[in-house]
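Participant: So that we are looking at the same thing, I have put the structure below in structure tokens.
The values are calculated or read from the model by the stated rules, or taken from the named source; none is laboratory data. Predicted model only: the values in this text are computed from it and were never measured. Cβ sites come from the backbone with ideal geometry, for glycine too, and all protein chains shown count toward neighbours. Note: accessible area is taken over every heavy atom of the protein model, side chains too, but ligands, DNA and RNA are not part of it. Shrake-Rupley method; radii C 1.70, N 1.55, O 1.52, S 1.80 Å.
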Amino acid sequence: MPESLTYTQDKFTFEVATDRHYNAAGLWAKAADGDRITVGVSDFFQQHNGDVAFFEVGEAGTTVSTGDEFANIETIKADIELPSPVSGVITAVNEALELEAELINQDPYDAGWLAVIEANDWTSDREELMTPQQYLEHMKAQAQAEA
């Protein structure tokens, strides 16, 4: 697990990895190699939405735009469309999730990553995302509003 910020509410503790950026939907984006951006869901997202039963993402070669649906997660609670945190082309998909979608819940910041996107302009996309501290505050407000 990367270094993280934590927030505890009632019996739940949520972690926010500090080495990536976040969108309001709870997806993270982390530069892997230049403009190759690894994308996944936050710990809060996976705890809030429940156990993942099924995961589907666009195929490698699919062009995505920031905010457009690029993946879908089905949990015991809901069917959730995931908005891409960056614009670009999907270059890799976490194939382990086909057989073990639960990795998203078990290890959202490492083994549970969703896809790699070759970003068109990571610098601009990153400026539109939240820092870990900003996401922590966003997440706290959401958790408190639902308590």
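Participant: Of the numbered conditions (1) modelled with pLDDT under 95; (2) closer than 22 Å to Lys140 by Cα; (3) not aliphatic (A, V, I, L, M), Asn105 fails exactly one; give the number of that condition.
Facilitator: Among (1) modelled with pLDDT under 95; (2) closer than 22 Å to Lys140 by Cα; (3) not aliphatic (A, V, I, L, M), Asn105 violates only (1).
Participant: Does the stretch 14-31 contain any residue that is of a type outside the set (S, T, N, Q), out of contact with any Ser or Thr (no Cβ under 8 Å at 6 or more places or on another chain), modelled with pLDDT under 95 and part of a loop (DSSP other than H, G, I, E, B)?
Facilitator: No, that holds for no residue.
Participant: While we're here: Taking the condition under 20 Å from Gln134 (Cβ atoms) and modelled with pLDDT of 95 or more, does Glu81 pass? Write out each step before concluding.
Facilitator: On the way: under 20 Å from Gln134 (Cβ atoms): no; modelled with pLDDT of 95 or more: yes.
Considered against the rule, which asks whether it is under 20 Å from Gln134 (Cβ atoms) and modelled with pLDDT of 95 or more, Glu81 comes out as no.
Participant: Among the residues of the stretch 132-147, is there at least one that is at pLDDT 95 or above, in contact with a strand residue (DSSP E or B) (Cβ under 7 Å, 6 or more places away or on another chain), part of a loop (DSSP other than H, G, I, E, B) and open to solvent by 10 Å² or more (accessible area, probe 1.4 Å)?
Facilitator: Scanning the stretch 132-147, I find no residue that is at pLDDT 95 or above, in contact with a strand residue (DSSP E or B) (Cβ under 7 Å, 6 or more places away or on another chain), part of a loop (DSSP other than H, G, I, E, B) and open to solvent by 10 Å² or more (accessible area, probe 1.4 Å), so the answer is no.
Participant: Could you tell me whether any residue of the stretch 64-79 is free of Cβ contacts under 8 Å to residues at least 40 places away in the same chain, touching a helix residue (DSSP H, G or I) at 6+ places or on another chain (Cβ under 8 Å) and part of a strand (DSSP E or B)?
Facilitator: yes
Participant: Additional query: Restricting to the stretch 45-79, name every residue that is of a type in the set (A, V, I, L, M), surrounded by 18 or more Cβ atoms within 10 Å (Cβ to Cβ) and over 12 Å from the mean Cα position of the chain (by Cα). Outline the logic, then answer.
Facilitator: Quick first cut of the stretch 45-79, residues of a type in the set (A, V, I, L, M) only: 52-53, 57, 60, 64, 71, 73, 76, 78.
Then keep just the ones that are surrounded by 18 or more Cβ atoms within 10 Å (Cβ to Cβ); that gives 52, 57, 64, 71, 73.
Val52, Val57, Val64 - these are the residues of the stretch 45-79 that are of a type in the set (A, V, I, L, M), surrounded by 18 or more Cβ atoms within 10 Å (Cβ to Cβ) and over 12 Å from the mean Cα position of the chain (by Cα).
Participant: In addition: Under 7 Å by Cβ, and 6 or more places apart or on different chains, what pairs join a residue from the stretch 4-16 that is among the small types (Gly, Ala, Ser) with one that is part of a strand (DSSP E or B) and open to solvent by 40 Å² or more (accessible area, probe 1.4 Å)?
Facilitator: Final answer for the pair search is Ser4/Glu15.
Participant: Additional query: Would you check which residues across the stretch 32-44 are over 14 Å from Leu114 (Cα atoms) and under 13 Å from the mean Cα position of the chain (by Cα) and list them?
Facilitator: Our first condition is that a residue be over 14 Å from Leu114 (Cα atoms); within the stretch 32-44, this holds for 33-35, 44.
Residue satisfying the conditions is Phe44 alone.
Participant: So in the stretch 91-118, with the set limited to residues that are surrounded by 15 or more Cβ atoms within 10 Å (Cβ to Cβ), aliphatic (A, V, I, L, M) and in a loop (DSSP other than H, G, I, E, B), which one is nearest to the chain's Cα centre (by Cα)?
Facilitator: Going through the qualifying residues, I end up with Leu114.
Participant: Here's another thing I want to ask about it. What about Val86, is it assigned to a loop (DSSP other than H, G, I, E, B), surrounded by 23 or more Cβ atoms within 10 Å (Cβ to Cβ) and touching a residue at least 40 places away in the same chain (Cβ under 8 Å)? Walk me through it before giving the result.
Facilitator: On the way: assigned to a loop (DSSP other than H, G, I, E, B): yes; surrounded by 23 or more Cβ atoms within 10 Å (Cβ to Cβ): yes; touching a residue at least 40 places away in the same chain (Cβ under 8 Å): yes.
Considered against the rule, which asks whether it is assigned to a loop (DSSP other than H, G, I, E, B), surrounded by 23 or more Cβ atoms within 10 Å (Cβ to Cβ) and touching a residue at least 40 places away in the same chain (Cβ under 8 Å), Val86 comes out as yes.
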